[in-house]
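Worksheet: one structure, shown below.
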């Protein structure tokens, strides 16, 4: 297995909850921006 900094997204998800948090933080801003563009600010914040 790779060091945490070199792990793939799939490896991080499989590794456990703390490692999954890395995935969440990595993509959270992009997902939020996408949601806001698709459904507006009010609903986007709920997603």
Hits in the stretch 8-25 (condition: under 8 Å from the mean Cα position of the chain (by Cα) and touching a residue at least 12 places away in the same chain (Cβ under 8 Å)): 22, 23
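How many residues are outside any helix (DSSP H, G or I) and surrounded by 11 or more Cβ atoms within 10 Å (Cβ to Cβ) if we restrict to the stretch 29-47?
Final tally of qualifying residues: 1.
Laboratory data are not the source of any read-out in this text; all were calculated from the coordinates shown. Keep in mind that what you see is a predicted model, and the values were worked out from it rather than measured. Cβ sites come from the backbone with ideal geometry, for glycine too, and all protein chains shown count toward neighbours.
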